[in-house]
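What follows is a set of notes on a single structure, which appears directly below.
Bear in mind these aren't lab numbers, they're just calculated from the coordinates by the rules spelled out. In this text, all values refer to a predicted model and were calculated from it rather than measured experimentally. Cβ placement follows ideal geometry from the backbone for every residue including glycine, while neighbour counts extend to all protein chains displayed.
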Amino acid sequence: MPPSRRKFKLPHPEPTDALTYARFTGISTFMRLPHITQPEELDVALIGVPFDGGTTYRPGPRFGPRHVRAQSAIIRPWNPVLHVNPFAKHRTADFGDLPVNPLSIEDTFSRIERGIAPLLEVGVRCVCVGGDHSISLPILRAVAKKHGPVSLIQFDAHNDLWDEYFGSKYSHGTPFRRAFEEDLLKDGEVLQVGLRGQVYGEDDFDFAREHKVRMVTAEKFHKKGIAVVQSHLRAFRRKPVYVTLDIDAVDPAFAPGTGTPQVGGLTSVWAATSSKSRHPMTPEKLLRCLPPIFSSNCSASSKWPPSRANFACTTISLWLSGP
């Protein structure tokens, strides 16, 4: 990620020093970064999208951004694997949450698209924390208006290419079918990693094959390892790529807080390894982060938000350590 040539008025944003203020203190923000809402002051924006109106089973992703913020307090700035402090060179901050309408998925989509647009317009890279997977569609709409159709790398247990659910064209299972239909994605330039589990019928993958979607099932990943993913990444070099991680890509033993848990998924180690596979990308999105479901109450002491926070931090590190 090249240095920005824009001029800034605010001081360079940095995480709160944990050796001065203990990590359990202060107002909760992503990775303890400042809360900055002016797009022109940022290179990278961490954005909450607290919406779960597209879920069809267990709800709760609307609380994802809040819990990821709380658990990301444990993030330290130096990445010893990539040898970079992702916050030192480029201006990174918590942009806050986009406004959503909990009673209307269509209105929420419009709000998300309008909310992302000013950031993209000035060249800010966006890390969006959801929220269910339906929010991919309005984000891709905003991205396409700026960059045109893009490629997609998707870590997910499901392909999210279904046509409709209970007569609705919009849900967490349909965003990428709509994206193909709206020419937001390019045929042959979509990679899905971690697919597994039962489907409704033999024809459930017909749409994917028609659009030349590259599929790496969880079974294939477990058998061949990260190399099978890296072999596909060559096709995405020097192209604008939208990357999305659905939390159910990770096995529920490691990330139980998901609306549609599916056994046989990636371990937390494999998920972290996959996120470090180098490739150019545009906005990044973390999805389907539910509060922990131990009983009828919700606690912030879940095992899933730290891994989502680490994925976000690793992504930013990759952007900044690359060319």
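Placing one identical point scatterer on every Cα of the stretch 137-282 and ignoring solvent, what is log10 I(q)/I(0) from the Debye formula at q = 0.11, 0.17, 0.19, 0.21 Å⁻¹?
These q points yield log10 I(q)/I(0) values of -0.39, -0.98, -1.23, -1.47.
Quote to one decimal, in nm, the extra length available between Asn85 and Val269 on full extension: 0.36 nm per residue of separation minus the C-alpha distance between them.
64.1 nm
³J(HN,Hα) across the stretch 75-88 via Karplus (A = 6.51, B = -1.76, C = 1.60, θ = phi - 60°), whole Hz, x for Gly/Pro?
So the J values, rounded to whole Hz, are 5, 9, x, 8, 9, x, 7, 9, 6, 8, 9, x, 9, 7.
Per residue, how much space in cubic angstrom lies within the convex hull of the C-alpha atoms of the stretch 106-151?
76
How many nm separate the modelled label positions at Arg234 and Lys7, each set 7 Å beyond the Cα in the direction of the Cβ?
For Arg234 paired with Lys7, the spin-label model returns 4.7 nm.
So who's got an amide H within less than 5 Å of the one on Val129, skipping anything under 5 residues away but keeping other chains? H placed 1.01 Å off N, in plane.
Correct list: Ile47, Gly48, Val49, Leu286.
Express in % the proportion of alpha carbon pairs of the stretch 173-213 at distances exceeding 14 Å.
52
Computed on alpha carbon atoms, what radius of gyration and Dmax characterise the stretch 55-110, expressed in Å?
For the stretch 55-110, the Cα-based Rg and Dmax read 16.2, 45 Å.
Could you please state, rounded to a whole Å, how far the C-alpha centre of the stretch 253-270 is from the C-alpha centre of the stretch 1-59?
26
Among 99-110, 39-50, how do they line up by average Cβ neighbours within 10 Å per residue, starting with the highest?
39-50, 99-110
List the residues, sorted by chain then number, that are 5 or more residues from Asp160 or on another chain and whose placed amide H is less than 5 Å from its amide H.
Hits under the 5 Å cutoff: none.
If you put +1 on each Lys and Arg Cβ and -1 on each Asp and Glu Cβ, how big is the dipole of the stretch 8-77 around its Cα centre, in Debye rounded to 20?
Roughly 360 debye, rounded to the nearest 20.
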